[in-house]
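Novice: After the structure tokens below, expect a handful of questions from me.
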Ligand code: COA
């Protein structure tokens, strides 16, 4: 039994912050940010907006596209590392707001790989027959955890949410294979030190701390590895892929890897210039936009590949079925 995506949705906060806006407060420039990352602007949520607010809108759109009432959901999984509160989880808040009374709900913490991890868990529940209808969301508001004086991090991130509705496939379409990985020994390169049980009073700050060069090296290594490994699991080759949707972190990472493995530019979806790195939301937002742009048709083979804090990485191969 396979799991199949039957609806997608996304939500971005309206406020746009351009590179020129950032250059007013930190020593940087539009030229530098574009050249080193490909990012031109990002969305930043206001004080009143938390991760669940974006997640709920994305979820409602995905359910509407799937023509599935929330009451039919068996499970809600949210990939996030910026929950509204440590508990309840974002998934429980979404369950309540959607009135998905039947659904169990939990969050998955794998940072920017969160959507791949959540999707893989959801697919397994469907493949084993445990559940039939599952809502998977990737949502983050990492701009709330940025040190706006640190030009090494504040230029990279944006806020957003993306959602997909999964159900049992009745044909050969659906999620063909999934691959997940963690390298906890490299965790120190991308850290949110404060706010957890190690530092509940946030003495070490509640800001993202990153060694950009080390994360870059990891990202290029695992993006290549994840695509190769997940294709092997699905018994497919690179030439079979119609579209790669990589985590939207940095166009230099994507360009470097796709050039190295020999995947033509037109088979790679990139929208990070508009949104920056939206963490767990980046892949489902890109998937939703690629569909809206007509870049995916029935029968296409798509690879979703993410990497992020942990350090973690994950990939899924999907035969598109709707
Ligand atoms: N504007 C202008 N100059 C900047 C800058 C900015 N925003 N950030 C850094 N610099 C400067 C540095 O201070 C350094 O100056 P120096 O040579 O005088 O010391 C120079 O630019 C080069 O810095 P470096 O850190 O080597 O740049 P880089 O090419 O590694 O790019 C990142 C920095 C953060 C863009 C890059 O490392 C990166 O994208 N890493 C991956 C991060 C990521 O994707 N994280 C999320 C993963 S999920």
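Novice: Any residue in the range 238-249 that is near the ligand (Cβ under 9 Å from one of its atoms), out of contact with any helix residue (DSSP H, G or I) (no Cβ under 6 Å at 6 or more places or on another chain) and assigned by TED's automatic domain parsing to the domain that holds residue 298?
Specialist: Yes, because at least one residue in the range 238-249 is near the ligand (Cβ under 9 Å from one of its atoms), out of contact with any helix residue (DSSP H, G or I) (no Cβ under 6 Å at 6 or more places or on another chain) and assigned by TED's automatic domain parsing to the domain that holds residue 298.
Novice: Follow-up question, since we're still on this one. Out of all the residues in the range 190-226, which are more than 16 Å from the ligand (Cβ to nearest atom) and in contact with a helix residue (DSSP H, G or I) (Cβ under 7 Å, 6 or more places away or on another chain)?
Specialist: 206 - this is the single residue of the range 190-226 that is more than 16 Å from the ligand (Cβ to nearest atom) and in contact with a helix residue (DSSP H, G or I) (Cβ under 7 Å, 6 or more places away or on another chain).
Novice: Which residue out of 180, 146, 186 is closer than 30 Å to residue 14 by Cβ and within 16 Å of the ligand (Cβ to nearest atom)?
Specialist: 146
Novice: Continuing with this model, one more query. Looking at the range 187-214, I want the residues that are in the same structural domain as residue 86 (by TED's automatic domain parsing) and have a partner that is surrounded by fewer than 16 Cβ atoms within 10 Å (Cβ to Cβ) and in a loop (DSSP other than H, G, I, E, B) with Cβ atoms under 9 Å, at least 6 apart or on another chain. Which pairs are those?
Specialist: Qualifying pairs under 9 Å: none.
Novice: Now a separate question. When you scan the range 265-272, do you find a residue that is in a helix (DSSP H, G or I), within 16 Å of the ligand (Cβ to nearest atom) and touching a helix residue (DSSP H, G or I) at 6+ places or on another chain (Cβ under 9 Å), even just one?
Specialist: yes
Novice: For the range 290-316, name all the residues that are in a strand (DSSP E or B) and either more than 15 Å from the chain's Cα centre (by Cα) or closer than 18 Å to residue 162 by Cα (or both).
Specialist: Correct list: 301, 302, 303, 304, 305, 306, 307, 308, 314, 315, 316.
Novice: With the requirement that a residue be within 14 Å of the ligand (Cβ to nearest atom) and in contact with a helix residue (DSSP H, G or I) (Cβ under 6 Å, 6 or more places away or on another chain), what does the range 279-309 give you?
Specialist: 279, 280, 283, 305, 306, 307, 308, 309
Novice: Could you please find all residues in the range 6-38 being more than 16 Å from the ligand (Cβ to nearest atom) and under 25 Å from residue 219 (Cβ atoms)?
Specialist: Selection gives 8, 10, 12.
Novice: Among the numbered criteria (1) under 22 Å from residue 308 (Cβ atoms); (2) buried (at least 18 other Cβ atoms within 10 Å of the Cβ); (3) more than 16 Å from the ligand (Cβ to nearest atom), which one does residue 41 miss?
Specialist: Of everything listed in (1) under 22 Å from residue 308 (Cβ atoms); (2) buried (at least 18 other Cβ atoms within 10 Å of the Cβ); (3) more than 16 Å from the ligand (Cβ to nearest atom), residue 41 misses just condition (3).
Novice: Can you name the number of the only condition in (1) buried (at least 24 other Cβ atoms within 10 Å of the Cβ); (2) touching a residue at least 40 places away in the same chain (Cβ under 8 Å); (3) more than 16 Å from the ligand (Cβ to nearest atom) that residue 114 fails?
Specialist: Every condition holds for residue 114 apart from (3).
Novice: Determine which single condition residue 157 fails, assuming it passes every other condition in (1) more than 18 Å from residue 114 (Cα to Cα); (2) assigned by TED's automatic domain parsing to the domain that holds residue 45; (3) surrounded by 15 or more Cβ atoms within 10 Å (Cβ to Cβ).
Specialist: The failed condition is (1).
Novice: Kindly provide the set of residues from the range 264-288 that are in contact with a strand residue (DSSP E or B) (Cβ under 7 Å, 6 or more places away or on another chain) and surrounded by fewer than 20 Cβ atoms within 10 Å (Cβ to Cβ), ordered by number.
Specialist: 267, 268, 274
The values are calculated or read from the model by the stated rules, or taken from the named source; none is laboratory data. Everything numeric here is computed off the predicted structure, so don't read it as measured data. Neighbour counts are summed over all protein chains in view; Cβ atoms, including those assigned to glycine, are modelled from backbone coordinates with ideal geometry.
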